[in-house]
1. Take the alpha carbon gyration tensor of the stretch 185-241, find the square roots of its eigenvalues, order them as a ≥ b ≥ c, and report rounded if a/c is under 1.5; if not, report prolate when a/b exceeds b/c, else oblate.
2. Of the listed peptides 203-211, 79-87, 101-109, what is their order by residue-averaged count of other C-beta atoms within 10 Å, with the highest listed first?
3. How large is ³J(HN,Hα), in whole Hz, for each residue of the stretch 149-165 in order, when computed from phi with the Karplus curve 6.51 cos²θ - 1.76 cosθ + 1.60 and θ = phi - 60°, using x for Gly and Pro?
4. Specify whether the C-alpha gyration tensor of the stretch 141-241 places it in the rounded, prolate or oblate class, a ≥ b ≥ c being the square roots of the eigenvalues: rounded for a/c under 1.5, otherwise prolate if a/b is larger than b/c and oblate if not.
5. Taking K and R as +1 and D and E as -1, what net charge do the other residues with C-beta under 10 Å from the C-beta of R151 add up to?
6. Name the residue farthest towards the positive end of the dipole of the chain from the options G40, A25, C56, assuming +1 on Cβ of Lys and Arg, -1 on Cβ of Asp and Glu, about the Cα centre.
7. Out of residues 5 or more away from G90 or on other chains, whose amide H comes under 5 Å of its own, with H placed 1.01 Å from N in the peptide plane?
8. For E41, list long-range residues whose amide hydrogen, built 1.01 Å from N in the peptide plane, is under 5 Å from its own amide hydrogen.
Amino acid sequence: METTEDLLLDGRVRLIQPKDGYRAAIDPVLLAASVAARAGERVVDLGCGAGAVFACIGARVPGVELIGVERDPEMAGLARRTLAVNGFDGRIETADLTALPATWEAGLIDHVSANPPYLPSERGRPSPNPGRAAAGVETGGDLADWVAVARRCLRHKGTLTLVHRADRLDDILAALVRGFGSVVVFPLFPKAGRDAGRVLVRAVRGGRAPLRLASGLVLHGADGAYTAVTETILRGAPLDL
């Protein structure tokens, strides 16, 4: 696989990723910024790909333990390289998340992040590129399976944070009914006055607070450039949901 080394968070993160196929854009950076991790805690990134999400978390929160789960052996190898070049503490599990045993990290994880495939198999038209196809359309496990794995490995009051398409919000909330509460929905608007295309969703294992719909974030100004707030997040600031 031909690769490139790219920089995230204003050069603080080095990401080894495929030259062709799925490449990290803004979604994993926003997801990482919204994970409320602290030093000494353990974070699992499901479907970690080349490691953009956990690398951004590791750069923002020194002292976290990072665990990635990736079913594609080549992408898992890139994630290990990303860990190594950044000097982060962690490991990568090469496994399909639906094949993880029920005892895997059961109740031991503080935070789970995930950027699941955006479309169910019946709605998606997979890309001819295998990497893009796996990232874009559900194959094997569906959204409920991703949430179920997070529920098993999270400790009580641990958090699950997802980035997903806004039009899948009903599926996300349905999957969170069992075991999660204190849900926050944070819309991501491409421009002011436009409908949200993406949402960040955070849920708490065993949480009991009612759902909260946050004001969200406008990503681009009228000129197409990132807004000032978005720029600070892309440079490493946390995103408080």
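1. Numbers: a/c = 3.48, a/b = 1.74, b/c = 2.00.
Here the stretch 185-241 falls in the oblate category.
2. On the way: 203-211: 15.7, 79-87: 19.2, 101-109: 13.7.
The densest-packed peptide leads the list: 79-87, 203-211, 101-109.
3. Going residue by residue, I get 5, 4, 4, 5, 8, 6, 6, 4, 6, x, 10, 10, 10, 10, 10, 7, 5 Hz, with x marking Gly and Pro.
4. Numbers: a/c = 2.30, a/b = 1.88, b/c = 1.22.
Prolate.
5. On the way: positive: R152, R178, R205; negative: none.
Once all neighbours under 10 Å are counted, the net charge is +3.
6. Result: G40.
7. L66
8. Hits under the 5 Å cutoff: E65.
A short reminder: the numbers here are calculations on the coordinates, not readings from a lab. Because the structure is a prediction, the values reported are computed rather than measured. With ideal geometry, Cβ positions are generated from the backbone for all residues, glycine too; neighbour counts draw on all protein chains shown.
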